[in-house]
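Here is the structure we will look at.
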Amino acid sequence: MADYSSNLDRIDHLRRAHTLGREDMRILLESMTDPDEEYLYKQAREVCDHYYHKAVYLRGLIEFSSYCRNDCYYCGLRRSNRNAQRYRLGSDEIFACADQGYELGFRTIVLQSGEDLHYSDDDLCRIVSGIKERHPDCAVTLSVGEKSRESYQRYFDAGADRYLLRQETSSPEHYRHLHPPGLTIGNRKRCLNDLKDIGYQVGCGIMVGSPGQTIEDILEDLYYMSEFKPHMVGIGPFIPHRDTPFAHEKSGEVKDTLHLLAVIRLMLPMVLLPATTALGTIDPLGREKGILAGANVVMPNLSPSGVRDKYLLYDGKICTGDEAAECRHCMEHRISGIGYEVQVSRGDWCGMENGGLKR
Ligand code: SAM
Ligand code: SF4
Ligand code: FES
């Protein structure tokens with residue numbers, strides 16, 4: 001039973017209580033009018049500005065390997081994609097990217113890859129500790145997929161601060177629709193629990209509009225995130241890749257993505273919320289719109305320009321022909337253009353310091 005008669009009341013309740021009953025959440029997401037939407041974004045921005053004061057954090061993303069042992073149906077890096085161009089960066093190349101990122105003002109380096117067993121735990125620990133030794137004032141974020149608790153502990157002990165692992169979908173049935181047998185939501189959640197328990201700042205998240213996704217699945221994801229309380233949430237639209245089983249599926253919608261960004265900001269007021277490259281791919285102003293709907297992080301690409309067009313998760317990915325410095329300055333320009341300010345500090349989750357902002 002719905003408790004409210006208008007979406008404005010639902011949004012007010014969500015802002016106040018950081019939650020909303022399932023039926024009201026469903027109605028809000030399914031019947032959003034233009035004025036509702038404006039109001040929702042305004043509330044989300046106010047909450048974000050309260051905690052982060054118009055700061056947008058920059059993370060420098062190094063995509064260090066396009067090899068993957070998995071076969072997720074949606075992703076261009078899946079192992080069955082014979083047309084994918086594969087590359088690996090050696091540790092010296094990764095350090096050179098991190099050094100360049102540091103020069104450009106990045107104080108968080110995100111290391112992302114397919115699940116590539118070529119890099120042993122020792123290798124990953126050496127890469128993490130190498131970056132921390134060179135740049136002790138930088139945070140290192142890993143996004144290298146599902147590992148054992150022991151491996152996660154080793155990377156943490158080597159100095160990794162944060163970990164991004166989207167749950168992709170909380171519904172077991174939908175998870176099976178997106179992944180081959182062997183990959184389970186149970187293990188994905190086990191990983192997320194271990195990461196949090198070890199002490200990482202943890203990011204989960206979903207693709208919006210992924211094939212087969214229903215409103216019920218989205219509600220499950222919202223309640224999962226509300227309970228799990230991640231420090232970061234990565235959500236962006238699904239975009240098809242021509243060499244995957246989902247080549248002919250539709251992309252996720254810009255509006256749906258913006259609605260969810262704003263709802264997540266109200267549910268988890270202090271969360272670090274990227275305006276993703278995928279959002280910037282389906283709409284040239286997608287990242288700016290994301291920030292105006294409550295996002296507060298952007299992740300410009302730091303990968304060497306020679307490999308960028310090989311890390312193709314989906315078709316049409318932006319920034320594949322640009323240099324790191326170009327993306328850095330482009331983002332600064334875009335962000336100041338909408339009245340926000342790029343922050344070059346580490347940008348930790350602001351609840352780390354007794355609810356205050358850690359700069
Ligand atoms: N292999 C690691 C993993 O899966 O967690 C990290 C890299 S993976 C490429 C990072 C994210 O890319 C995934 O969590 C997924 O949500 C996103 N992604 C993959 N294919 C996508 C697509 N076709 N459209 C939008 N996002 C996609
Ligand atoms: Fe591999 Fe990650 Fe792509 Fe799945 S989403 S195929 S694990 S890179
Ligand atoms: Fe890469 Fe604009 S962010 S060119």
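Here, each number is a calculation from the coordinates, and none is a lab measurement. Computed from a predicted structure; not experimentally measured. Here the Cβ positions follow ideal geometry from the backbone for every residue, glycine too, while neighbour counts run over all protein chains shown.
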> Which angle between 0 and 90 degrees, to the nearest 10, do you get for helix 7-17 versus the longest principal axis of the chain when only C-alpha atoms count?
Replying inline: 60 degrees
> With axes computed from alpha carbons, what is the tilt in degrees of helix 121-134 against the longest principal axis of the chain, rounded to the nearest 10 within 0 to 90?
Replying inline: 80 degrees
>> Could you derive backbone 3J(HN,Hα) for the stretch 298-307 from the dihedral phi with the Karplus parameters 6.51, -1.76 and 1.60 (θ = phi - 60°), listing whole Hz in sequence and x where the residue is Gly or Pro?
In response: 10, 10, x, 7, 10, 4, x, 4, x, 10
> Among all lysine pairs in the stretch 147-260 that are eight or more places apart or on different chains, how many have alpha carbons less than 27 angstrom apart?
Replying inline: 6
> Given H placed on each backbone N at 1.01 Å, which residues far from Leu302 in sequence or on other chains put an amide H within less than 5 Å of it?
Replying inline: Leu61, Ile62, Glu63
> Using a simple spin-label model with points 7 Å from Cα along the Cα→Cβ vector, what separation in nm is obtained for Asp121 and Glu146?
Replying inline: 1.8 nm
> In terms of modelled amide H atoms, which long-range or inter-chain residues lie less than 5 Å from the amide H of Ala139?
Replying inline: Thr108, Ile109
> Nearest-5 percent of antiparallel DSSP beta bridges in the chain?
Replying inline: 5 percent
> What shape does the stretch 237-345 take by its C-alpha gyration tensor, where a ≥ b ≥ c are the square roots of the eigenvalues and a/c under 1.5 counts as rounded, a/b above b/c as prolate, and the rest as oblate?
Replying inline: oblate
> In terms of the Cα gyration tensor, with a ≥ b ≥ c the square roots of its eigenvalues, is the stretch 1-113 rounded because a/c is under 1.5, prolate because a/b exceeds b/c, or oblate?
Replying inline: oblate
> Under a 5 Å amide H to amide H cut-off, with H placed in plane at 1.01 Å, what residues pair with Val297 once short-range neighbours are removed?
Replying inline: Tyr57, Leu273, Ala275
> For the stretch 216-223, what does the Karplus curve 6.51 cos²θ - 1.76 cosθ + 1.60, with θ = phi - 60°, yield as ³J(HN,Hα) per residue in whole Hz, taken in order and with x for Gly and Pro?
Replying inline: 4, 4, 5, 4, 4, 5, 4, 6
>> Just to confirm the number: angle between the C-alpha axis of helix 324-337 and the first principal axis of the chain, 0 to 90 degrees, nearest 10?
In response: 20 degrees
